[in-house]
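Chemist: Encoded as structure tokens, here's the structure I'll be asking about.
The values are calculated or read from the model by the stated rules, or taken from the named source; none is laboratory data. Quick caveat: nothing in here was measured; it's all calculated off a predicted structure. Methodologically, a virtual Cβ is constructed for each residue, glycine included, from the backbone with ideal geometry; neighbour enumeration extends over all protein chains shown. When the accessible area is computed, the model is the full protein with side chains, heavy atoms only, and any ligands, DNA or RNA have been set aside. Shrake-Rupley method; radii C 1.70, N 1.55, O 1.52, S 1.80 Å.
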Amino acid sequence: MGFLDYAPAPESRSILALKDEYGLFIDGEFVEGRGASFATISPADESRIAMIAHASDEDVDLAVAAARRAYTKVWSKMSGRDRGKYLFRIARLVQERARELAVAESLDNGKPIKESRDVDVPLVASWFFYYAGWADKLDYAGAGPNPQAHGVAGQVIPWNFPLLMLAWKVAPALAAGNTVVLKPAETTSLTALIFAEILQQADLPAGVVNIVTGAGATGAAVVRHPDVDKVAFTGSTAVGREIARAVAGTGKALTLELGGKAANIVFDDAPIDQAIEGIVNGIFFNQGHVCCAGSRLLVQESIHDEVIDRLKERLSTLRLGDPLDKNTDIGAINSAEQLARIRELSQVGEDEGAERWTADCVIPDKGFWFAPTIFTGVEASHRIAREEVFGPVLSVLTFRTPAEAIAKANNTPYGLSAGIWSDKGSRILAVADQLRAGVVWANTFNRFDPSSPFGGYKESGYGREGGKQGLAAYLRPASAAPRAVAGRTDAKGEAVAAKKGGAA
Ligand code: NAD
């Protein structure tokens, strides 16, 4: 037995009490969807986990109507202090059911249990705790005195951090006094549905949160619904663009959290051991399915060979395999479709002339897997330097001077995040100042905190999530009139006149 061999230590699935079939969560109840249900599978072995309902346009109508009723009759009339109590309760229930949520997330998404257990689920709880504290302090959110909720929020999220993206959306929306219709990604609905059970357990009033599962068409029905006042989307830039077009001129508030192609810049005075860990965490955390992943390594030319040698050595120790095994570093790719995209872009990298190196991992027979891969000799014009691979693939470029590093880092259509590794604080501040990225990490990477706003420039979207900025996105100043939609009544039960652009 070699020193890197180890005994498997899988987390037990017995903590899960999964149903064979999940309905839609509308008006506080699980109900059948009108569309044909679909299977959610484990990407690690392609086995079926459960059947998931597919919401039709009529189902989305019912969900939005439930959210509107709950907004008008209950949620908008409740004090911030009382709304906060529900959020605190949800946070505590997430903590109580943390192990179950982590196992379900790893099973459905493919991410290693140590990540869902130690990162995703604790952050989910912290997001609800954080915004629970804000619910009675909205005057300080930066949206002026006595700010008002938008009304019904339509939210659509991706598959890479299913429960965490739900928390990023639902917690601030509820704290600000909105009600919600949420559409999870089609390959990862499971933890959203367990979260619906938590909402029942928390006695959240019916209709305050509604969860409609389904594919892109269901998401489109949510964001286009005339009675949705605020749209929040996290996902690809292509779909974000489509949503921006659909929402334009409707008077709906909109935030878009889209793709990224972050530069992780390593200067020659960087603490190399920490930088290697930071590079690994930056791109191989969550199989690289991270919008802010450090997918472009910019390394100073003088230390290039040393960094690459040490990186390869480190990657050779990573364990790829069963997401539920506590020793696993690299889990499964979330879907066959995503795996095909990673393979295609990696082939393009080779064809364009970059040099490919792949860690020597044993790939399981079943499921969707991609071993950690590095491309060296990448040029700024290569597709692997410009497009989001959204997988465990690192593109390495070099630079000689800080000015060249900044120019190369900013040479991207995206602007979500960046990392800087240097021993000199003054250099970090000077470089960070010139990076067109919403978040810049220094001597660390992929750190998240609910009090810290997150969001992008350019094609990475607009608006911020997290912090009071993320709360303000769910509020309108008291001076701004509510969005008017024909036939709708306001919080006092009075009819609101329709105005041009009021409906989609
Ligand atoms: P995607 O855009 O394909 O899907 C995201 C969600 O939108 C899914 O729920 C999907 O069903 C839904 N959808 C698809 N078509 C739609 C339409 N026409 N109208 C409304 N909804 C529609 O993205 P994905 O592949 O699931 O996620 C990966 C992408 O998400 C990557 O580009 C990644 O960078 C990005 N992402 C960004 C952030 C961020 O905070 N900026 C966070 C996580 C992921």
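Chemist: If A472 satisfies every condition in (1) in the same structural domain as D45 (by TED's automatic domain parsing); (2) in contact with a strand residue (DSSP E or B) (Cβ under 7 Å, 6 or more places away or on another chain); (3) away from the ligand (no atom under 16 Å from the Cβ) but one, which is the exception?
Modeler: Against the list (1) in the same structural domain as D45 (by TED's automatic domain parsing); (2) in contact with a strand residue (DSSP E or B) (Cβ under 7 Å, 6 or more places away or on another chain); (3) away from the ligand (no atom under 16 Å from the Cβ), A472 comes up short only on (2).
Chemist: Something else: Can you name the condition, by its number, that A340 falls short on among (1) away from the ligand (no atom under 13 Å from the Cβ); (2) farther than 30 Å from G463 by Cα; (3) surrounded by fewer than 22 Cβ atoms within 10 Å (Cβ to Cβ)?
Modeler: (1)
Chemist: Going by the conditions given, is V389 within 14 Å of the ligand (Cβ to nearest atom) and farther than 30 Å from H150 by Cα?
Modeler: Yes: the conditions hold for V389.
Chemist: Which one of the conditions (1) touching a residue at least 12 places away in the same chain (Cβ under 8 Å); (2) open to solvent by 10 Å² or more (accessible area, probe 1.4 Å); (3) more than 12 Å from the ligand (Cβ to nearest atom) does A153 fail to meet, given that it meets all the rest?
Modeler: With respect to (1) touching a residue at least 12 places away in the same chain (Cβ under 8 Å); (2) open to solvent by 10 Å² or more (accessible area, probe 1.4 Å); (3) more than 12 Å from the ligand (Cβ to nearest atom), A153 is out only on (2).
Chemist: Can you go through A246, A293, A262, A238 and tell me which one is touching a strand residue (DSSP E or B) at 6+ places or on another chain (Cβ under 6 Å) and modelled with pLDDT of 95 or more?
Modeler: Just a single option satisfies the conditions, and that option is A262.
Chemist: Determine whether V290 is open to solvent by 10 Å² or more (accessible area, probe 1.4 Å) and of a type in the set (V, I, T).
Modeler: Answer is no for this residue.
Chemist: Give K169, K183, K230, K252 a once-over and let me know the one that is open to solvent by 10 Å² or more (accessible area, probe 1.4 Å), assigned by TED's automatic domain parsing to the domain that holds N146 and among the basic types (K, R).
Modeler: So the residue among K169, K183, K230, K252 that is open to solvent by 10 Å² or more (accessible area, probe 1.4 Å), assigned by TED's automatic domain parsing to the domain that holds N146 and among the basic types (K, R) is K252.
Chemist: Sticking with this one: Output the residues belonging to segment 156-165 that are among the aliphatic types (A, V, I, L, M) and crowded, with 24+ Cβ neighbours inside 10 Å.
Modeler: Selection gives V156, I157, L163, M165.
Chemist: Another one. Restricting attention to segment 15-23, does a residue exist that is in contact with a helix residue (DSSP H, G or I) (Cβ under 7 Å, 6 or more places away or on another chain) and over 27 Å from V181 (Cα atoms)?
Modeler: Yes, segment 15-23 contains at least one residue that is in contact with a helix residue (DSSP H, G or I) (Cβ under 7 Å, 6 or more places away or on another chain) and over 27 Å from V181 (Cα atoms).
Chemist: Only one of (1) buried (at least 24 other Cβ atoms within 10 Å of the Cβ); (2) out of contact with any Leu (no Cβ under 6 Å at 6 or more places or on another chain) fails for Q200. Which number is that?
Modeler: (1)
Chemist: Just one of the numbered conditions (1) more than 10 Å from the ligand (Cβ to nearest atom); (2) touching a Ser or Thr at 6+ places or on another chain (Cβ under 8 Å); (3) open to solvent by 10 Å² or more (accessible area, probe 1.4 Å) is not true of A263; which one?
Modeler: (3)
Chemist: Please find, among V348, V431, the residue that is outside the structural domain of S236 (by TED's automatic domain parsing), outside any loop (DSSP other than H, G, I, E, B), in contact with an Asp or Glu (Cβ under 9 Å, 6 or more places away or on another chain) and over 18 Å from I308 (Cβ atoms).
Modeler: Just a single option satisfies the conditions, and that option is V348.
Chemist: Go through segment 186-197 and report how many residues are within 16 Å of the ligand (Cβ to nearest atom) and either acidic (D, E) or open to solvent by 10 Å² or more (accessible area, probe 1.4 Å) (or both).
Modeler: Residues meeting the conditions: 2.
Chemist: Would you mind telling me which numbered condition in (1) more than 20 Å from the chain's Cα centre (by Cα); (2) open to solvent by 10 Å² or more (accessible area, probe 1.4 Å) T237 fails?
Modeler: Status for T237: all satisfied but (1).
Chemist: Report, by residue number, each residue of segment 359-368 that is in contact (Cβ under 8 Å) with a residue 12 or more places away in the chain and either exposed (fewer than 15 other Cβ atoms within 10 Å of the Cβ) or within 16 Å of the ligand (Cβ to nearest atom) (or both).
Modeler: Matches in segment 359-368: D360, V362, I363, P364, K366, F368.
Chemist: Is it fair to say I363 is β-branched (V, I, T) and closer than 13 Å to A332 by Cα?
Modeler: For I363, the condition - β-branched (V, I, T) and closer than 13 Å to A332 by Cα - is met.
Chemist: Which one of the conditions (1) touching a Pro at 6+ places or on another chain (Cβ under 6 Å); (2) surrounded by fewer than 24 Cβ atoms within 10 Å (Cβ to Cβ) does D273 fail to meet, given that it meets all the rest?
Modeler: Condition (1) is where D273 drops out.
Chemist: Say we look at segment 202-258 and pick out the residues that are more than 14 Å from the ligand (Cβ to nearest atom) and charged (D, E, K, R); which of these is farthest from G463 (Cα to Cα)?
Modeler: That would be D203.
Chemist: Of everything in segment 464-487, what is open to solvent by 60 Å² or more (accessible area, probe 1.4 Å) and part of a helix (DSSP H, G or I)? Give them in sequence order.
Modeler: Selection gives K468, Q469.
Chemist: Considering only segment 4-59, state which residues are among the β-branched types (V, I, T) and either touching a Ser or Thr at 6+ places or on another chain (Cβ under 9 Å) or modelled with pLDDT under 95 (or both).
Modeler: Listed by number, the residues that qualify are T40, I41, I49, I52.
Chemist: Exactly one of (1) closer than 28 Å to G110 by Cα; (2) away from the ligand (no atom under 16 Å from the Cβ) is unmet by N178. Its number?
Modeler: (1)
Chemist: Another question, if that's okay. Can you tell me which of A418, A371 is surrounded by 15 or more Cβ atoms within 10 Å (Cβ to Cβ) and within 16 Å of the ligand (Cβ to nearest atom)?
Modeler: A418
Chemist: Return the residues of segment 434-446 that are open to solvent by less than 50 Å² (accessible area, probe 1.4 Å) and either modelled with pLDDT under 95 or assigned to a helix (DSSP H, G or I) (or both); say none if nothing qualifies.
Modeler: Within segment 434-446, none qualify.
Chemist: Right, another one. Would you confirm, using the coordinates I've provided, whether E115 is among the acidic types (D, E), under 21 Å from C291 (Cα atoms) and within 12 Å of the ligand (Cβ to nearest atom)?
Modeler: So E115 fails the test.
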